[in-house]
């Protein structure tokens with residue numbers, strides 16, 4: 001069994017981690033960390049865990065946790081994970097960070113967009129961006145995984161095949177995205193109160209949203225050139241879900257078949273990506289799941305493509321993807337251990353044969 005610890009287990013993403021890990025056949029939760037509810041029964045915070053979790057919430061002492069856990073999930077505000085990161089910690093446990101602390105490779109970009117000083121920039125280079133469908137091979141051997149954000153996961157996966165295959169003009173990208181209120185976290189904020197959100201829709205973070213540089217960085221890697229785009233998020237009166245509607249100018253001569261082929265080449269074998277073609281996604285079809293639904297239409301009149309992605313922001317956009325990252329790491333470690341055992345067996349077998357032959 002993989003022993004898992006969660007720092008920030010009483011936030012929305014943390015609670016999803018608990019739900020998913022309780023059902024995981026190879027995982028055991030050994031630490032329910034929560035700075036706000038220390039010593040309080042976890043099931044008293046989330047009543048749906050009554051008779052499922054009989055543990056009390058613990059503190060956020062990562063170093064003590066690392067002595068007990070194989071994998072640590074940090075579902076915490078920006079800055080926390082970076083403030084406690086150390087070589088000693090990573091020598092004891094794998095860390096999957098759900099904050100933005102290690103997602104961006106340029107420290108100055110992180111500090112500009114998040115408005116805080118990065119406390120452990122020496123680990124940024126090592127950290128692997130945990131978008132499973134794109135970086136599975138690198139995630140497998142990682143000690144530190146930067147779990148992507150919710151808007152970024154949906155937007156990047158929706159656009160990546162088009163950018164990578166060179167089917168669109170990258171300077172023309174516009175992303176219009178909408179999220180449920182759980183994306184803002186569990187903390188009490190007036191703009192997220194029921195009466196403020198219900199029966200309304202509003203744009204926020206216009207031209208300033210923190211996920212913008214993350215999307216740009218990953219799509220730039222795919223394109224092999226710097227991409228600057230427009231990203232506008234909106235808050236809609238639903239609990240969970242993200243719908244990203246992405247617009248871009250198709251290059252001359254690109255047909256529907258070319259677009260479909262690009263998506264199939266990237267995601268044809270991926271379990272959690274469902275390519276819906278012209279059957280456009282809806283958030284209700286991915287609610288509670290780790291799926292990414294992607295569909296597209298081509299506007300022949302303007303020569304533009306409208307690609308649409310849908311995810312559950314708390315699952316594929318946070319906890320589900322984090323568990324997916326853990327699964328990749330576990331599979332790698334198990335294969336590694338099997339290889340080591342085989343090597344030890346072969347070495348042992350050869351020694352036995354050598355001894356027998358020597359005695360003969």
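Points to keep in mind about this one:
- Rounded to 5, percent antiparallel among DSSP beta bridges of the range 1-95: 5
- The convex hull built on the alpha-carbon positions of the range 68-173 has an orientation-averaged projected area of 7.5 nm².
- At q = 0.20 Å⁻¹ the log10 of I(q)/I(0) for the range 124-225 amounts to -1.10, computed by Debye summation with a single uniform scatterer per C-alpha, solvent ignored.
- Taking all Cα-Cα distances within the range 174-294, those exceeding 19 Å account for 60%.
- GNM top mover of 54, 293, 312 - the chain, alpha-carbon springs below 10 Å: 54
- By other beta-carbon atoms within 10 Å, ranking 204, 114 with the fewest at the front produces 204, 114.
- Diffusion constant of the chain at 25 °C, which comes from Stokes-Einstein with the Kirkwood Cα-pair radius and 0.890 mPa s, µm²/s: 113
- Between helix 150-164 and the chain: long-axis angle, C-alpha atoms, 0 to 90°, nearest 10: 80
- Cβ-based exposure ranking for 285, 31, in which fewest neighbours within 10 Å come first: 285, 31
- DSSP-defined antiparallel bridges as percent of all bridges, the range 170-329, nearest 5: 70
- Between helix 12-22 and the chain: long-axis angle, C-alpha atoms, 0 to 90°, nearest 10: 40
- Residue of 50, 123, 102 that the Gaussian network model of the chain assigns the largest fluctuation, springs spanning Cα pairs under 10 Å: 50
- When only alpha carbons are used to place a centre, the range 309-325 and the range 45-94 end up 19 Å from one another.
- Axis angle, to the nearest 10 degrees, between helix 212-223 and the longest C-alpha principal axis of the chain: 80 degrees.
- Ranked list, fewest to most other Cβ atoms within 10 Å of each Cβ, for 76, 117, 10: 117, 10, 76
- Projecting the alpha carbon convex hull of the range 2-126 along each direction and taking the average yields 7.6 nm².
The numbers here are math on the coordinates, done by the rules we state, and not lab data. Computed from a prediction, not measured in an experiment: that's the story for all the values here. For neighbour counting, all protein chains shown are included, and Cβ atoms are generated from backbone atoms with ideal geometry for every residue, glycine included.
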